[in-house]
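What follows is a set of notes on a single structure, which appears directly below.
Please treat every number below as a calculation from the coordinates, not as lab data. These numbers come from a predicted model, not from an experiment. FYI the Cβ positions are ideal-geometry reconstructions off the backbone, even for glycines, and counts take in every protein chain you see.
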Amino acid sequence: MKITAKASRGLVAVSIASVLALSACSTNAAGDEGGDAETIDVNAFSVMEAANEPVFEDFKATDEGKDVEFATSYGASGDQSRAVEAGADADVVHYSLETDVTRLVGDGLVAEDWKDTPTKGIATSSVVVFVVRKGNPEGIETWDDLVKPGVEIITPNPGSSGSARWNILAAWAHIVGNGGSEDDAKGFLTKLLDNTIALPGSGREATTAFTDGSGDVLLSYENEAILAKQSGADVDYIVPPDTLLIQNPAAVTVDADETAQAFLEFITGPEAQADYAQSGFRPVVDGVEIEDVEGANDPSDPFPTPEKLFTIDDDFGGWGEAADKFFGDGEDGNPLGIITELQQDTGKVGEE
């Protein structure tokens, strides 16, 4: 799909694009010094790349993290999970969706009891927001504003990106969660897809497309919006009155050692959660001391509670039910998922 921009809109400074246009897959191997260093392979969805750096450094300062180095791979959540399924190295996996972890459970690569943790397997969280141009010239405030004629939307592709699936389900919940029928929700999603001008492969690629000048509004994680502002992008973001809680799972693989397990436990502790908060993620545990968050709408109160916050478990029956119902691919005689079918009907199936 060709990405278009309104004629009056210029490109964002190259320095901003270089910060946000992170590669779909990157690796930081252990250094040459310290031959006794242990390496933890972290395989994660794309938006974790910048957020993980301070977490890695803080873990290295612990007794368990002494002499530890990290090898990392980042990309679209579904693609990353499938790569591990196919044999890519991973000690710790951290994805956008629960289904990307359960895929590995089904292959015996992650233990079935991976959710038996104080956070039920969740390592980071956020909410779906609208990223808009500085000053919000289109007056985007609610979901209904997105389907007005002429509004140009960018959102990642649900076929590869976990971020996209959260975005689309948040739009669905806006209708059904406020008393509408499923037919009403299908009509709303059809209008939203009709206004969508690009479906990049990952949440990070979608952010880059938007900060490069395409579209009026980007559907995204709150933390991505905050990171964009921290990086100097000339954007604002709106937390809509009703939105969906995003919960990102993490687990160790069955062959990982006790150091990887210690790191997994560390990232849901207060120190790492405070680090993630500085990158715009909402803490998943209580008792986290959060300093002012640069880039947030209100740095001193960075994570306001929406008027209505939907959840995947309470409003969609969990990912085990929602994945097939909304995103099924029609294989093995199963019906297409609702969103998959709507994408085909509207011709909005991703990048050409």
Using 0.36 nm times the number of residues separating residue 311 and residue 60, minus their current alpha carbon distance, what extension gain do you get? 87.0 nm
Cα centre as origin, Lys/Arg/Asp/Glu Cβ charges: the stretch 243-352 dipole, Debye: 300 debye
For the charge dipole of the stretch 52-150, defined by +1 on Lys and Arg C-beta atoms and -1 on Asp and Glu C-beta atoms about the Cα centroid, which residue among 127, 70, 90 has the Cα displaced farthest towards the positive pole? 127
Rounded to the nearest 500, what is the chain's calculated 222 nm mean residue ellipticity when only DSSP H runs of at least 4 contribute -39500 (n - 2.57) each, over all residues? -10500 deg cm²/dmol
By average C-beta atoms within 10 angstrom, highest first, the peptides 190-197, 150-157: 150-157, 190-197
Going down the table (120/325; 229/325; 134/186), which pairs top 29 Å between alpha carbons? 229/325; 134/186
State the answer as a single residue: which of 276, 214, 304 lies farthest towards the positive end of the charge dipole of the chain, with beta carbon charges of +1 for Lys and Arg and -1 for Asp and Glu, about the Cα centre. 214
Which value, in debye to the nearest 20, gives the size of the charge dipole of the chain about its Cα centre, when Lys and Arg are +1 and Asp and Glu are -1 at the Cβ? 1680 debye
Karplus-derived HN-Hα couplings along the stretch 61-71 (A = 6.51, B = -1.76, C = 1.60, θ = phi - 60°), whole Hz, x at Gly and Pro: 7, 8, 4, 5, x, 4, 6, 8, 10, 10, 10
For the pair residue 111/residue 285, report the inter-label distance in nm, with labels modelled 7 Å from Cα in the Cβ direction. 1.8 nm
Hey, what did the stretch 213-352 get for relative contact order, percent, Cα under 8 Å, at least 6 apart? 21 percent
Where in the chain are the DSSP H helices whose alpha-carbon span along the long axis reaches 15 Å or more and whose Kyte-Doolittle mean is at least -0.5? 162-176
Connecting every pair of Cα atoms under 10 Å apart in the chain and solving the GNM, the largest mean-square fluctuation among 325, 186, 134 falls on 134
To the nearest 20 debye, what is the magnitude of the charge dipole of the stretch 123-274 about its Cα centre, counting +1 on the Cβ of each Lys and Arg and -1 on the Cβ of each Asp and Glu? 280 debye
Contact order relative to length of the stretch 183-250, as percent, for alpha carbon pairs under 8 angstrom and 6 or more apart: 21 percent
Fewest-first ordering of 98, 331, 341 by Cβ atoms within 10 Å yields 331, 341, 98
By how many nm would the segment from residue 325 to residue 134 grow when fully extended, if each residue of separation counts as 0.36 nm and the alpha-carbon distance is taken off? 65.1 nm
Provide, as a two-decimal number, the C-alpha radius of gyration of the stretch 163-227 over 2.2 N^0.38 Å, N being how many residues it has. 1.19
What relative contact order, as a whole-number percentage, does the stretch 62-142 give when Cα pairs under 8 Å and 6 or more residues apart are counted? 18 percent
